[in-house]
Amino acid sequence: MKKIPSNFLWGASTSAYQVEGGWNIDGKGPSVQDVSNGGFLSDLKVGGITDFKVCADHYHHWKEDVALMAEMGFKSYRFSINWTRIYPTGFEDKPNSKGLEFYHNLIDELLKHEIEPLVTIHHFDAPIVLEEKGGWANREVMVPAYLKFAKTLFLEFKDKINYWQTINELNMVILFSHVLRKQKKGHDTGTESYQSFHNANVAQALAIKELRKISPSAKIGPAPNISLVYPKTCAPSDVLAADNANVLRNWSYIDPFVKGYYSEILIEYWKANNYQVVILPEDEELFKSVSIDFIAFNYYNSTTAQAPIKDSEYKVGDQEMGFNIENMFQSADNKYLEKTPYGWQIDPIGFRLTSRALHDRYNLPIIITENGLGAKDVLTSDGKIHDDYRIAYLRDHIAQIPLILADGVKLIGYNPWSAIDLVSTHQGISKRYGFIYVNRDEDDLKDLKRYRKDSFYWYKKVIASGGEDLK
Ligand code: BG6
């Protein structure tokens with residue numbers, strides 16, 4: 001066990017489209033997430049859940065919300081900037097000043113409370129207009145639009161922001177585009193997906209280069225969802241499948257920025273499937289010319305894989321459940337792990353193993369930018385929320401931190417999901433993650449009043465004790 005240092009970034013996380021609301025005011029344009037609960041292109045119809053129009057109404061409650069974060073003792077707050085608040089269609093020459101003003105106010109308020117802002121440039125909410133033009137699959141449109149957006153933020157906030165994350169969970173966006181990018185098609189690993197993957201990597205690399213010029217002392221890294229893949233058994237074919245899954249799910253989303261190239265396993269997989277991913281000669285140079293300062297990663301659980309089975313009956317779930325890639329691997333349940341009420345496996349030791357694996361491969365500082373438990377909380381008649389299940393989940397994960405540090409991993413922060421209740425990617429507001437309860441349900445916005453959950457008081461103690469008091 002190693003003591004958690006006093007400058008450790010204790011905090012929590014949100015994303016703009018899930019927490020802010022204010023979906024069409026002060027010049028904000030529509031994003032792929034705004035139009036309905038299934039998003040704008042989606043054939044994924046989810047009955048009985050809210051859209052993203054009001055969410056936690058953080059757009060109007062930000063001051064109160066930051067005060068509650070400060071009360072918990074946050075040292076950091078990880079949030080994203082809503083792309084369509086700054087560039088409503090993605091094509092404007094000038095940013096929307098009202099949008100910038102909102103984030104200046106939010107950031108100033110955080111700094112006033114000595115909370116370090118950890119800013120995600122892009123978290124699932126691309127402008128509809130860009131998506132209609134092909135989204136990430138269209139390099140000519142999306143790469144300059146993202147770069148312009150990122151550059152605007154760097155110039156605007158260069159005196160206030162020390163930590164930037166380029167894109168949230170690009171791996172999940174590519175592998176689960178129907179859930180997270182609200183695309184029409186289901187799970188798709190074809191040419192279009194991998195062209196999107198490559199284009200988004202080019203965009204991130206260009207943004208990193210831009211930041212070095214504008215704000216040389218600021219730090220930047222990607223924010224993938226990393227969960228180490230275990231083999232279902234020690235049969236070599238299962239171990240090979242787990243290795244394939246690690247490459248396709250995890251490492252390929254960091255390799256270009258650290259190693260400067262894609263793994264041969266990925267390239268061979270594209271060739272075997274005749275995926276025609278266009279990589280320009282200068283792209284390799286570009287990857288080699290950039291470096292990242294840290295890896296932000298979201299960890300909810302580990303994954304288990306076995307050798308592919310023909311005509312398998314395994315059901316593909318959402319971003320934290322399994323998925324199968326023909327001839328490479330197939331996901332499997334891990335019989336040793338319990339599950340959350342939403343079917344996500346719980347694996348605190350997997351948190352340690354995933355952190356070690358990242359350290360071994362990349363040897364960079366890491367920051368946890370998501371980790372948490374979604375559940376249906378109950379507000380009692382005396383205004384309490386007894387979320388002991390969430391405390392148990394977080395406690396078991398935080399208990400791993402001193403061990404992870406003792407393993408030599410440079411873990412510098414822990415920002416679980418989520419600071420406050422917000423709307424889940426595809427399961428509504430009833431799937432709550434926050435330390436702060438927001439009084440609304442799927443159809444009734446009620447008074448949107450904030451309540452402190454039991455986990456709020458508990459996390460406050462954890463932070464005050466530097467992670468030592470987990471009772
Ligand atoms: C991550 C995302 O995949 O998991 C968040 O970065 C998301 O945006 C979180 O909300 C929890 O997932 P869900 O589907 O329960 O909202």
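Taking the dipole about the Cα centre of the chain, with the C-beta of Lys and Arg at +1 and of Asp and Glu at -1, give me whichever of Phe157, Ser177, Ser465 is farthest to the positive side.
Ser465
At q = 0.26 Å⁻¹, what base-10 log of I(q)/I(0) does the Debye formula yield for the stretch 106-175 when every alpha carbon is treated as an equal point scatterer in vacuo?
The calculated log intensity ratios at q = 0.26 Å⁻¹ are -1.20.
Collect residues whose amide H, placed 1.01 Å from N in the peptide plane, falls under 5 Å from the amide H of Lys219; neighbours closer than 5 in sequence don't count.
Those qualifying (amide H under 5 Å, at least 5 residues apart or on another chain) are Tyr163, Trp164.
Mind pulling the per residue volume of the convex hull built on the Cα atoms of the chain? Å³ is fine.
137 Å³
With θ taken as phi - 60° and the coefficients 6.51, -1.76 and 1.60, list the Karplus ³J(HN,Hα) couplings across the stretch 206-214 in order, rounded to whole Hz; mark glycine and proline as x.
Result, rounded to whole Hz: 5, 5, 4, 4, 4, 4, 4, 6, 7.
In terms of modelled amide H atoms, which long-range or inter-chain residues lie less than 5 Å from the amide H of Arg432?
Ala375, Lys376, Asp377
Using the alpha carbons of the stretch 330-471, what is the convex hull volume per residue in cubic angstrom, as a whole number?
135 Å³
Return the sequence-ordered ³J(HN,Hα) values of the stretch 440-449 in whole Hz as given by the Karplus equation 6.51 cos²θ - 1.76 cosθ + 1.60 applied to θ = phi - 60°, using x for Gly and Pro.
Whole-Hz 3J(HN,Hα) from phi for the stretch 440-449: 7, 10, 4, 9, 10, 6, 6, 10, 6, 5.
Helix-derived [θ] at 222 nm for the chain: sum -39500 (n - 2.57) over DSSP H runs of at least 4, divide by residue count, nearest 500?
-11000 deg cm²/dmol
Across the stretch 236-247, in residue order, what do the Karplus-derived ³J(HN,Hα) couplings come to in whole Hz, using 6.51 cos²θ - 1.76 cosθ + 1.60 with θ = phi - 60° and x for Gly and Pro?
Using θ = phi - 60°, the values come out as x, 5, 6, 5, 5, 4, 5, 5, 4, 5, 4, 5 Hz.
For the stretch 240-314, what does the alpha-carbon gyration tensor say about shape, rounded, prolate or oblate, given a ≥ b ≥ c as the root eigenvalues, a/c under 1.5 as rounded, and a/b over b/c as prolate?
Taking the square roots of the gyration eigenvalues as a ≥ b ≥ c, the stretch 240-314 is oblate.
So in the chain, what percent of DSSP beta bridges are antiparallel if you round to the nearest 5?
25 percent
Under a point-charge model restricted to the Cβ atoms of Lys and Arg (+1) and Asp and Glu (-1), what is the dipole moment magnitude of the chain relative to its Cα centre, in debye to the nearest 20?
Dipole about the Cα centre, nearest 20: 760 debye.
Cα centroids of the stretch 359-393 and the stretch 50-94: how far apart, whole angstrom?
A separation of 19 Å, based on Cα centres.
Kirkwood hydrodynamic radius for the stretch 133-277: how many Å is it when counted over pairs of different Cα atoms?
Details: mean 1/r = 0.0607 Å⁻¹.
Hydrodynamic radius (Kirkwood, Cα pairs) of the stretch 133-277 is 16.5 Å.
What nm distance separates the two modelled labels at Asn274 and Lys410, each placed 7 Å from Cα along Cα→Cβ?
Each label point lies 7 Å from its Cα, and together they span 4.5 nm.
Every number in this text was worked out from the coordinates using simple rules, so none of it is lab data. This structure is a prediction, so every number in the text was calculated from the model and none was measured. Glycine gets a Cβ as well: all are built from the backbone with ideal geometry, and neighbour counts include every protein chain shown.
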